[in-house]
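Just below is one structure, and these are the notes that go with it.
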Amino acid sequence: MLAAILGWLGTVGTFVAYVLVVRGRLIADSWRYGLLNALGGTSGAIAAALYGAWPSAVSNVIWASVGFVTVASATKTFLPLPGREKDHGHPTPSPADA
């Protein structure tokens, strides 16, 4: 029963993410789209592993990884790394540049 629930959650999650991008409600490189795909892929991978469907489990792990990379790349513009300026690494214009 758990595998079926996780499988359906994963399928619905990735399908909803796709529909939202196609309809213009989400941007494909946004953290929200990445998170929906990451969670959907993870749910699908767990469900497939519980069923013993290893090719599907591996493809879902890859899909989840792509989602997590999207989340990481989308959020790095919002989270400055140590040593970067407050505006995320872009030089602050001097008054002479204005």
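Points worth noting:
- Tally, over region 28-60, of residues that are in contact (Cβ under 8 Å) with a residue 40 or more places away in the chain, closer than 19 Å to A74 by Cα and buried (at least 18 other Cβ atoms within 10 Å of the Cβ): 2
- Taking region 19-46 as the range and being touching a helix residue (DSSP H, G or I) at 6+ places or on another chain (Cβ under 9 Å) and outside any helix (DSSP H, G or I) as the test, the residues that pass are R25, L26, I27, A28, D29, S30.
- Hits in region 6-27 - residues which are touching a residue at least 12 places away in the same chain (Cβ under 8 Å) and more than 17 Å from S59 (Cα to Cα): V16, A17, L20, V21
- Flag if G7 is over 13 Å from the mean Cα position of the chain (by Cα) and buried (at least 20 other Cβ atoms within 10 Å of the Cβ): yes
Values in this text are rule-based calculations from the coordinates and carry no lab data. Note that this is a predicted model, so its numbers are computed, not measured. Counting neighbours? That spans all protein chains shown, and the Cβs are built from the backbone with ideal geometry, glycine included.
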